[in-house]
Every structure is written in C-alpha cells, then in structure tokens.
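Every read-out reported here was derived from the displayed coordinates using simple, explicitly stated rules and does not represent laboratory data. Here the structure is a predicted model, which means the values were calculated and not measured. For neighbour counting, all protein chains shown are included, and Cβ atoms are generated from backbone atoms with ideal geometry for every residue, glycine included.
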Amino acid sequence: MGLIHRLAVLTAAMAILLVLGSTEIALSWSERSRLDDLRSESVALAETWAKYITRLAPTGDSTAIAQGLAGWPSQHITATSAAVWRRQGDRLTLVAASGTISDPVPTNEEYQAIQSNALRTWQVRDSAPAWRVAKPLGGIRPYGVLSVEVSTRTLQAWARLERKRSYTFAVIAALLLAASVAWLTAQWVGKPLSALGYTLDQAHAGVESAPPAVEIGPNEFRGLARRYNDLREALSARQRESEARGALLSLEEKARGLDRLALSEETAAAFAHEIGTPLNTLSGHLQLLRDDLRAAGSPLALERVHLLLGQLDRLTGIVKSRLERRAWPTPALRPTDLGGVAERVLRFFEPTMAEQGVRAELVPAGAALGKSMAMSDGALVEQILLNLVKNAIEAMPQGGKIEVRTGGSASEAWLEIRDTGPGLAAEAKRHLFNPFVTTKGLAGTGLGLAVSQRLARSLGGDLEHIPTERGTAWRLSLPSALERTA
C-alpha cells in the first residue's frame, strides 16, 4: 500500500473515530439530559397526583381513590401508568390502577417509601424501560403509596434513531474527508515523489545519463529537486575532472612505459651483442666436456651437461634472433610433448629446489595416448615454464611443493603449475601480465609474466591465472597435436 493510500485510510479511520466519538458523547449527554428532565417531570407528576388523591381520600377510601385515578393522563409526556397500594399490616395491596403497570406486585421501593414516608425514584432498565416514582399517601402516617411509572421507551427509540443518523453522516463525512486527503496528497506529495523516484532510478546508469529532477509540487519538494539538481551538476563536474585526471595519469604511465621499453630494447640489444661470444665459447667447452664424459662413461653427469647445452642453445637462438630481427624467434610448430618439456624444466631446477627445500611433482595426462601432445615450439614452451617455475620457487623461500599437471582434449593440450606459496595479493591480481609491474622489488623486472603470455599467444594458445584458496596456479593452453594429425 502506497503512501497516498495509507494517508487516506488513516485519515478516514481518524475521522470516523473522532466524529463517532464526538457524536456518541453529544448523544449520551443529550439522552442523559432528557432522562433527567423526564425524571423531574415524573416526580412532579407523582407529587401533584398524590396531593390530589390525598385530598379526595384522606383516609384511604377505595372508591375515592378509584375516582381520583379515573382521570389519570395516560399520555402525559409519554406512556404512563399509576397504581395505589394500601397498607394492610406489613403488606401492600393494590387498591386501584390507571393504565397498564409493568409489575402488579409491589417492589421493595414501594415498601421503603411507605416505611420512610419519603418519595423514592428509580429507573427500570428491562424490556420495558421506565422511571418509577413511589410517593406515600396520607400525611404523617401514610396509609398507602402512589406508584407512578413513566415509560422511557420512546426516548430510547429516539436515541437509537439519532445514533443511526449521526453514524451514517459521520461515515459519509469521513469517506469524503479521506477522498479529499487522498486527492490532495496525490497532487501535493504523490506526483513530486514519483518524479523524484523516477529521476533517482535513472541515476543508477550514471550521473551523465541521469535526467534533471522536475521541480513540481509544494516549495519543500521544489527545494529538494533543486538541491538534487545542484548535486547532480557537482558530481558531473567532479566526474569529468576525475576522468580527465585519470586520462592524464594513464598517458603519463604509458609515456613512462614507452621510455622504459625503449631503454630496455636498447639495453637488450647491447646485452645480446656482448654475451654472444661468451655463449659460443661456453657452448664449445661444454661440448668438449660432453665428449669427455661420454668417453669416461658417466651417464648422470652426461645428462646434466645435455641439459646445460639445451639451455645454451635456446639462449643462443634468442640472442641471434634479437640481433638479427630485434624480435623473439619465430615459432617452429611441431608436435611437442608437454610432459617431456615439464620434466626437463623440473630437472633443470633440481639443485635450486633442493637448496630451498621445494619438492616438485609431475602428474602426467593419464592413460590416453598423446593426450598432452601440443602443436607448438618446444623451446618457447620451455621458456614459459622456466619463468613460471622460477616464480613458484621464489615464492616459497621456506620450502613448499610445486605440482605440474598435463592433460588435454581433441582440440587443446594444457599444462597447469600450482605452488603452496602465499598466493598473489589483490593489488598484484589487478596488474597481472602488465609489463614492468613486479612484487619482487629491485630483484624483479616485471617482464616474466608479460613475456610468457606473449609467447603463449604467439603459439596460438594462452596463459591464464587460476583463482585458488591457497598458493598460486597457472594454466598454459596450446593447440592439440591430435587435431592437426586427425
């Protein structure tokens, strides 16, 4: 139920209560006043007729009493009746009566009136309501009592009729008043509130798209609409100022990023040029060491040298591509076993993980043959995994566990890396994969994740962060080799 209807109902209820209450009080007072007047008239009638009968029958002669009651005015005021009771010892007997008395048996009031030689008045409230007056007859020692009964039924019927009329008029007046209040409330309150409500609903879409409030209704609502419009203008100006400041900050941030990118490009080219010769020399010595270990029959040491040579070859390719094309190497797509790549990367980090107390577990794809075979470049995939595993190890300086899972489907092969570290802060999650944003302070460059995602997308896949309750999880998705060979 809306405000207007509630006010109308409340007004109608209050009007009915007030009008009916005041009407009832007025009618009760009027009825009581008329009853009192009727009582006074009944007493006056009883006293006058008692004097008349006493004069006619001073000793209580029955014939004289009957003659005295013969002229009783039965329609005086209202329907009346009278009876004379004569004392015979301790009893009262009916001598004569005029009209129809409600009770042919004397009451206690008649006995008390003759015993006390005083007038008694009381009201009968049964089915025949009336005033009863008992007046002793016969002077100092009364010989009987005159009992007068004046009916109040007509008065009560009048009171009921007046109440019915008054209540009918009261209800009609209350309904008219409620309708008037409802209409006035709708005009003065309902329309301005509806207009303000519509304006506030439209404001959810933003300050710029919110329409101004219509100034209608009483001065209070007009003032409220004006204050809303002033607030809307102030918020709109503040929003434009904030957007301009945000755009300026964004341009400044982009400018700083471009400066850092240009500096890093120049530094990377110089660095690639400087380390080219040492890398070639290191590669040559490792090849000689590999031949010596093969001749000496040391398979474990030979395997580690193979790992080092593989990383040197990958690094040499990156340096050459940087010097020749100033870009990352062009991906050479071929069927690649993600499980094998993950195993080589974990073997490469074995010394570092052992030093920090980090355990690694590789969970293969399962029984399906070739389920984790991706159409990709193994060297670039290895570069992505190197960055992710390195980040996971650095996130657990007190030790922990790294879990690598591989899997896939007919269209996609994937690899997930999870660690038990502290996880990423909310601020870090908002800037994932942004270049030059790092949580490692001076120890980080902020390029590892950005480069990894760029490489993943260059391979036709993607690198995503997986929300977890504990630690950090990443998912590398690549095109499946099964789809290419099907």
What aspartates and glutamates does K135 reach when the alpha-carbon gap must be under 13 Å and sequence neighbours fewer than 8 apart in one chain are set aside? E47, E109, E110, E149
The extension gain from L94 to R125, computed as 0.36 nm times the residue separation minus the Cα-Cα distance, is 8.8 nm
Calculated FRET efficiency, E220 and S409, Cβ-Cβ r, R0 60 Å, to nearest 0.05? 0.35
Under a point spin-label approximation (7 Å from Cα along Cα-to-Cβ), what is the Q398-L184 distance to one decimal in nm? 7.5 nm
Residue-count net charge about V150 - beta-carbon cut-off 9 Å; Lys, Arg +1, Asp, Glu -1: 0
Testing the spin-label approximation: label points 7 Å from Cα along Cα→Cβ at A173 and S62. State their distance in nm. 6.0 nm
